[in-house]
Every structure is written in structure tokens, then in C-alpha cells.
Amino acid sequence: ERERERERESLAQDSHHDVTRMNMKDHQQLDFDKQKQLDCDMQQLYFSDETLWRSLTWVLANDLDHEDAPEFFFSVGDEGVDCRDALNTCNVEVEFVEGGAEKRVTEKNKYMFVCAHLDWILRLRARGFVGALAKGLFGVLPCPALLGLTGAELQIVLCGSGTVLDLGDWRANTLYSNGYSPTHVAVGWFWQWLTKAADEERLSLLSFVTGSSSIPAGGFADLQGADAPHRFTIQRSVNTDRLPQAHTCFNILVLPEYASQSCLIAKLKCSLSHTDDGLLLT
């Protein structure tokens, strides 16, 4: 899947660069910075609206002054969006320049048209919604607290970690109860399995025990329960006839003291197969 995504991204880059190199020989309408911005915007558009990307790519690649060329104007109809008010919707005619509905796109001004269209689709069109979202976000997190954060860092603050879990941090911030300890043989079997487990299995286990497949920005030390901070806890059970269970409100994995590692792993995997149905959650 990742390989197909890379091929798709490469296609977008190569196709757009071929078009712009071909046309910029005859139309020196953009300086270097604007050309670079156009490249970036076209790549972004490819992944968000491939149909429009193909339309704008056609505009860049063809002679709009030809007698058979279709007519384009410096405006676009937008259904369901009111750029003046994020809470209301209406059908609007957006003019990229004053009198844009009557201004025809020509071979001479087509780069200006494409740049204006991209600016509307990728930025200005959503400004009302983004403004409302920012107002709500700043009501919870003051703006100064967010200054200096990159987009990736802000995502971690809001959503927790991504798909790669720090096993060392996980183990260092795990508690044990009801007779288990870091040196107990069953606990050792558990960590041996988790060390070799794939990322998907680790995420599945985390989701099974905590109800979430992500962790706070501060790592496992900051795991939250239903009413207060609760670290990941492995609790011993002597009922080896039962599958491992989870108390998600308190981040507790109830792990029976099985007689062998193979039995422990098989029972764990069986429990994880029920992560989404909640049958083993309490």
C-alpha cells in the first residue's frame, strides 16, 4: 500500500513538472517562489481532488487561445459554502478577481487563473470553518501555548502518539498487582512476546487494555483512566481456564498465570481478536 502511494505521489510530481516546464518556456508569468508554490499546491490538490487536478493540468498544458478551446472565466460556483459565515451555507459565485465572472481565461493569464483557483480551493474556501475551529481550539488551549509547535507536534498533543510505540517506555511505566512482579516468569513471557510482536499487535493490545490505540504526548507515564491517571497494569489471576481480560477504565490487563508461554500467547491472541467487540472488557 505504501509503495502504491509513493508511485501515485511520484506520478503527480512528474506530470505536473512536465506540464509546467513545457509551458513556462512561453509564459514567464511566475517568479521562482510562485512557481514553487504552484508545484506544491498542485501536488496537494492531486491527493484531495484528482478531478480538479486533471482539469487545471489540462489548462496548463493546452493553448486556451485556440479557436476550439473551451472557455474558462475567473470565477467558480461553489455549492454549500459561504466563505463569509462558517455557520451558514449557500450557493455562491466566487470571483477570483473583480469582475471575474466576465473575465475570460486566456493563454496569457492562465497561470494567474490556476494560482487563484488553487488559493481558493486549498485555503480561502475553508477560512470560515478554520476560523470557527481555531476559535473553539483557542478556547481550550490558549494560543501562546501552541506557538512554536509544528503540525506534527500539534497532532501528538491533540491525538497522542502515532503507530510506533516505545516498548522501553511502556515497560518502564507498567505496574503489577495481585502477586505479579517484573521478575515473575509469566510477566517475562508476556514481555518476550510483546518485544517480538508486530506494531499492529502492540496497538491491538494497547487498544484492548486502554480503549485507545494511542498514548498521550507524555508517553505511558501519562496514561489516563476514567477518573484519574492510571498506568498500564498487569494483574495476576489464578483462573487459567479464562482468557485474559481488560478493565479499560483503569488500564488493567488481567493475565491468568498460565502454565506455559505458548499457552499465554495463544490466549492473548484469542483475546485480542475480540478487541472491537468488547466481549472481554469490564
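Things worth noting here:
- Meets criteria (touching a residue at least 40 places away in the same chain (Cβ under 8 Å) and either open to solvent by less than 40 Å² (accessible area, probe 1.4 Å) or of a type outside the set (Phe, Trp, Tyr) (or both)) for residue 198: no
- Flag for residue 16 being more than 30 Å from residue 132 (Cα to Cα) and at pLDDT 85 or above: no
- Sub-7 Å Cβ pairs linking a first residue in region 157-179 that is at positive phi to a second residue that is surrounded by 14 or more Cβ atoms within 10 Å (Cβ to Cβ) and at pLDDT 70 or above, at least 6 apart or interchain, are 160/214; 160/215; 160/216; 160/217; 178/235; 178/236; 179/236, ordered by first then second residue.
- Residue match in region 255-268 (condition: in contact with a Cys (Cβ under 8 Å, 6 or more places away or on another chain) and charged (D, E, K, R)): no
- A count restricted to region 205-243 and to residues that are farther than 23 Å from residue 182 by Cβ, touching a Ser or Thr at 6+ places or on another chain (Cβ under 9 Å) and of a type in the set (A, V, I, L, M, F, W, C) stands at 3.
- Just so you know, in region 219-228 the residues that are at negative phi and within 26 Å of the chain's Cα centre (by Cα) include one that is modelled with the lowest pLDDT, and it is 226.
Residues are listed down the side, and each one gets a yes or a no for (1) modelled with pLDDT under 90; (2) within 30 Å of residue 133 (Cβ to Cβ); (3) in contact with a Cys (Cβ under 7 Å, 6 or more places away or on another chain):
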| residue | (1), (2), (3) |
| --- | --- |
| 65 | no, no, no |
| 70 | no, no, no |
| 75 | no, yes, no |
| 78 | yes, yes, no |
| 82 | yes, yes, yes |
| 90 | yes, yes, no |
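- For region 40-51, filtering for residues that are of a type outside the set (Ser, Thr, Tyr), open to solvent by 30 Å² or more (accessible area, probe 1.4 Å) and assigned to a helix (DSSP H, G or I) leaves 5.
- On inspection, residue 108 passes the criterion of being modelled with pLDDT of 75 or more, in a loop (DSSP other than H, G, I, E, B) and open to solvent by 70 Å² or more (accessible area, probe 1.4 Å).
- Residues satisfying the stated conditions in region 203-229, i.e. in a loop (DSSP other than H, G, I, E, B) and either more than 15 Å from residue 171 (Cα to Cα) or touching a Leu at 6+ places or on another chain (Cβ under 6 Å) (or both): 211, 212, 213, 214, 216, 217, 225, 226, 227, 228
- Residue count for region 239-259, restricted to those that are farther than 16 Å from residue 189 by Cβ and assigned to a loop (DSSP other than H, G, I, E, B): 7
- Cβ-Cβ distances below 9 Å connect the following pairs, each with a first residue in region 94-114 that is within 15 Å of residue 65 (Cβ to Cβ) and among the β-branched types (Val, Ile, Thr), a second residue that is open to solvent by less than 20 Å² (accessible area, probe 1.4 Å) and modelled with pLDDT of 90 or more, and a separation of six or more residues or different chains: 105/59; 105/64; 105/74; 105/113; 105/114; 106/64; 106/113.
- Residue match in region 35-45 (condition: at pLDDT 50 or above, out of contact with any strand residue (DSSP E or B) (no Cβ under 6 Å at 6 or more places or on another chain) and closer than 18 Å to residue 107 by Cα): yes
The values are calculated or read from the model by the stated rules, or taken from the named source; none is laboratory data. The structure presented is a predicted model; accordingly, all values stated were derived computationally and were not measured. No Cβ is skipped: glycine too gets one built from the backbone with ideal geometry, and neighbour counts run over all protein chains shown. What goes into the accessible areas is simple: the full protein's heavy atoms, side chains included, and nothing from ligands, DNA or RNA. Shrake-Rupley method; radii C 1.70, N 1.55, O 1.52, S 1.80 Å.
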